[in-house]
Amino acid sequence: DLRNFRIKTAFQATVQHVILPNKKWTKPKEYFSPQIDEAVKEEEREAFDAIKNKEVKEVKEVKEIKKVKEVKRGYFW
């Protein structure tokens, strides 16, 4: 697990009073990449659900309008 490796490395550096070289530093992009990807997917899913719900609502409204027109024409028994 990468997280445990980073924790062990940090602890070892602390005990030895050593500063890690820049090459071993964790870059924010690498560290937060999974969280960012998850947030983007969630945002896309919410946008899709919103569009889907809007379409369902519009279909229901069209069906309701058709029923009203049928009643006005006398086709609805």
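The values are calculated or read from the model by the stated rules, or taken from the named source; none is laboratory data. Just so we're clear, the structure is a prediction, and the values are computed from it rather than from any experiment. The area values use the complete protein model at the heavy-atom level, side chains included, leaving out ligands, DNA and RNA. Shrake-Rupley method; radii C 1.70, N 1.55, O 1.52, S 1.80 Å.
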Taking only protein heavy atoms and a 1.4 Å probe, what accessible area per residue, in Å², does the chain have with all protein chains in place? 104
Sorted by accessible area with a 1.4 angstrom probe, largest first, how do 2, 20 fall? 2, 20
Enumerate the calculated ³J(HN,Hα) couplings along the range 37-52 in order (Karplus 6.51 cos²θ - 1.76 cosθ + 1.60, θ = phi - 60°), each rounded to whole Hz, writing x wherever the residue is Gly or Pro. 4, 5, 5, 5, 4, 5, 5, 5, 5, 5, 5, 5, 4, 5, 5, 4
Wrap a convex hull around the Cα atoms of the range 6-59, take a quarter of its surface area, and give that in square nanometres. 4.8
